[in-house]
Amino acid sequence: NLYLACRSRIDLGILLDGSGSRYRFSQVLYLAQLIIRYFDISRIYTRVGIIAYSNTPIPVSNFRTFSRKYDLLKAVKKIGFPRGRSYTGRALRFAKRYLYTGSRSSSRARVLVVVTGSRSSDGVARPAEMLRQAGVEIFAVGMGGRTSMTSLSTIANDRHHVFTGVRLRITTNLPKLVAKICAATPKPTPTRSK
């Protein structure tokens, strides 16, 4: 088995940028499928929520929709090409409302992987910060040459959470990305100091 399953208790959100070309979106979907294959998808271990987006976010699944890897992969394959511009900020805001609602559990890590191929048409700093405050660890994956390191770093927790790859060269970095996601730990709720 090529894929070593990651058996971690993670709520893994995946944002899929559907702006730009149909070809690039097919690569984004392919990468999402590769990532999913590495995880032990179940109600106990990793739960996956998926949102595709361009001008507006398109919810595909939340953490309760699929508890089997097969069903999840089938749903990803079926996502239609959204076409339009890349509003990553809007998608991040939506992820906060749709996926990471309520108070975080002490036994589950919250991770969000943003797979994008374009520079965002709206601001990403504030919505990304709101997610981090909700205990979400964010990885940014840039596909193709139209993403800037700066904007990816603004989305992600830090530069070590940024992965880039023109076409599918990203797949060589994939085990590294998966290992980092798998190592994610639940973030304790910060105590407010005023």
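Counting heavy atoms of the protein chains only and a 1.4 Å probe, report the per residue accessible area for the chain as a whole number of Å². Present the calculation step by step, with values, prior to reporting the outcome.
Working: 9410 Å² over 194 residues.
Counting only protein heavy atoms, the per-residue value for the chain is 48 Å².
For the chain, which whole percent of the accessible surface, found with a 1.4 angstrom probe, sits on carbon and sulfur atoms?
Within the chain, the accessible surface is 52 percent carbon and sulfur.
Karplus couplings for the range 151-157 from phi (6.51 cos²θ - 1.76 cosθ + 1.60, θ = phi - 60°), rounded to Hz, Gly and Pro as x?
Rounded to whole hertz, the list is 5, 5, 5, 5, 6, 6, 4.
Could you compute the FRET efficiency for residue 179 and residue 78, with r as their C-beta to C-beta distance and R0 at 35 Å, rounded to 0.05?
After rounding, the FRET efficiency stands at 0.75.
First select every other residue whose beta carbon is under 11 angstrom from the beta carbon of residue 150; then total the charges, Lys and Arg +1, Asp and Glu -1. If you can, show how the numbers build up before the last one.
Numbers: positive: 119, 159; negative: none.
Value of the local net charge: +2.
Consider the candidate values (1) -0.28, -1.41; (2) -0.69, -1.19; (3) -0.41, -1.50; state which one is log10 I(q)/I(0) by the Debye sum over Cα atoms at q = 0.09, 0.19 Å⁻¹ computed from the structure displayed.
Label (1) holds the value from this structure.
Order of 24-32, 119-127 by packing, highest average Cβ count within 10 Å first?
Final packing ranking: 24-32, 119-127.
Using modelled amide H (1.01 Å from N, peptide plane; none on Pro or chain starts), what sits under 5 Å from the amide H of residue 13, excluding residues fewer than 5 places away?
The answer is 49, 111, 112, 113.
Using helices alone, I'd like the mean residue ellipticity at 222 nm for the chain: each DSSP H run of four-plus residues gives -39500 (n - 2.57), total over residue count, nearest 500.
Taken over the chain, the calculation gives -10000 deg cm²/dmol.
So for the chain: antiparallel DSSP bridges make up what percent, rounded to the nearest 5?
Close to 15 percent.
The values are calculated or read from the model by the stated rules, or taken from the named source; none is laboratory data. All values derive from a computational prediction rather than experimental measurement. Because the Cβ atoms are built from the backbone with ideal geometry, glycine has one as well, and the counts that use them run over all protein chains shown. Note: areas computed on protein heavy atoms with side chains; ligands, DNA, RNA excluded. Shrake-Rupley method; radii C 1.70, N 1.55, O 1.52, S 1.80 Å.
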